[in-house]
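Worksheet for the structure shown next.
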Amino acid sequence: MSETARLADQIRRAFEGEAWHGDSLLEILAGVDAKTAAARPIPNAHSIWELVLHIEAWDKVAVFRAGGTAVDLNNEENFPPVKDAGEAAWQKTLASLKNTHAELVRTVAAFPDSRLQEQVSGKSETYYNFFYLFSGIAQHEIYHAGQIALLKKFL
């Protein structure tokens, strides 16, 4: 198995399941409805919905960066606001998240191992290569999944 195939598998596991650490993002989101997703049980903390939009935003960034596009997010792009808190909008958000994540997994799996040590376009930090990006995106999913799991406990 190639290194990028292993990275893609770790990203998939963090998102879909069969992860070593415990419940994946989708397992934690199971049964969350729009009202729960939009709730703010902790003052000044992001809602589950906002965290889901944030996760998707960074999955997109990783896809763009893998394709050679230097992209950074402004504050609103980093944590997009929830404009419609209805159930249909929540289901659309989840569907979009799943589609974006599937594209990310495909992108990473197809990425050549020979390029993993290349610098990511637009990043000046010498350590910011594609291996760092791809392993970091898995960590990002797990980190925010943990936040969502905690938020659910307050609801």
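The values are calculated or read from the model by the stated rules, or taken from the named source; none is laboratory data. Please read these numbers as outputs of a predicted model, since none were measured by experiment. Neighbour counts are summed over all protein chains in view; Cβ atoms, including those assigned to glycine, are modelled from backbone coordinates with ideal geometry.
Among (1) touching a helix residue (DSSP H, G or I) at 6+ places or on another chain (Cβ under 7 Å); (2) crowded, with 16+ Cβ neighbours inside 10 Å, where does Asp9 come up short?
Looking at each condition in turn, Asp9 falls short on (1).
When the stretch 17-32 is examined, which residues are found to be more than 16 Å from Lys153 (Cβ to Cβ) and surrounded by fewer than 20 Cβ atoms within 10 Å (Cβ to Cβ)?
Correct list: Gly17, Glu18, Ala19, Trp20, His21, Leu26.
Scan (1) part of a loop (DSSP other than H, G, I, E, B); (2) without any contact (Cβ under 8 Å) to a residue 60 or more places away in the chain for the single condition Lys92 breaks and write down its number.
It fails just one condition, (1).
If Glu56 satisfies all but one of (1) among the charged types (D, E, K, R); (2) more than 13 Å from the chain's Cα centre (by Cα); (3) under 29 Å from Leu155 (Cβ atoms), what's the number of the condition it fails?
In the conditions (1) among the charged types (D, E, K, R); (2) more than 13 Å from the chain's Cα centre (by Cα); (3) under 29 Å from Leu155 (Cβ atoms), Glu56 misses (2) alone.
Residue by residue through the stretch 96-120, note down the ones that are surrounded by 14 or more Cβ atoms within 10 Å (Cβ to Cβ) and not in a helix (DSSP H, G or I).
Those that are surrounded by 14 or more Cβ atoms within 10 Å (Cβ to Cβ) and not in a helix (DSSP H, G or I): Phe111, Leu116, Gln119, Val120.
Counting only residues that are surrounded by 15 or more Cβ atoms within 10 Å (Cβ to Cβ) and out of contact with any helix residue (DSSP H, G or I) (no Cβ under 8 Å at 6 or more places or on another chain), which one in the stretch 124-135 is farthest from Val105 (Cα to Cα)?
In this case the residue turns out to be Tyr128.
Considering the stretch 100-155 alone, what residues qualify as being polar (S, T, N, Q) and either more than 25 Å from Ala38 (Cβ to Cβ) or without any contact (Cβ under 8 Å) to a residue 12 or more places away in the chain (or both)? Steps first, please.
Initially, the stretch 100-155 is screened for residues polar (S, T, N, Q), giving 100, 107, 114, 117, 119, 121, 124, 126, 129, 135, 139, 147.
Residues satisfying the conditions are Thr107, Ser114, Gln117, Gln119, Ser121, Ser124, Thr126, Asn129, Ser135, Gln139.
Condition first: among the hydrophobic types (A, V, I, L, M, F, W, C), in a helix (DSSP H, G or I) and farther than 23 Å from Leu133 by Cβ. Now tell me which residues in the stretch 32-82 satisfy that. Don't jump to the end; show me each part of the working.
Taking the stretch 32-82 and keeping what is among the hydrophobic types (A, V, I, L, M, F, W, C), we get 32, 34, 37-39, 42, 45, 48-49, 51-53, 55, 57-58, 61-64, 66, 70-71, 73, 79, 82.
From what's left, in a helix (DSSP H, G or I): 34, 37-38, 48-49, 51-53, 55, 57-58, 61-64, 66.
Result: Ala34, Ala37, Ala38, Ile48, Trp49.
Given the structure, is Arg106 of a type outside the set (Asp, Glu), under 19 Å from Ala14 (Cα atoms) and within 17 Å of the chain's Cα centre (by Cα)?
Yes: the conditions hold for Arg106.
Among Asn44, Asn74, Asn99, which is out of contact with any Lys or Arg (no Cβ under 7 Å at 6 or more places or on another chain) and modelled with pLDDT under 95?
Details: Asn74 fails: modelled with pLDDT under 95; Asn99 fails: modelled with pLDDT under 95.
Result: Asn44 is the single residue among Asn44, Asn74, Asn99 that is out of contact with any Lys or Arg (no Cβ under 7 Å at 6 or more places or on another chain) and modelled with pLDDT under 95.
Take the residues of the stretch 109-126 that are more than 17 Å from Val61 (Cβ to Cβ) and of a type outside the set (D, E, K, R): which is nearest to the chain's Cα centre (by Cα)?
Among them, the one singled out is Ala109.
Going through the stretch 109-132 one residue at a time, which ones are of a type in the set (S, T, N, Q) and within 18 Å of Ile11 (Cα to Cα)? Even if it seems obvious, please write down each step before you answer.
First, pick out the residues of the stretch 109-132 that are of a type in the set (S, T, N, Q): 114, 117, 119, 121, 124, 126, 129.
Correct list: Asn129 only.
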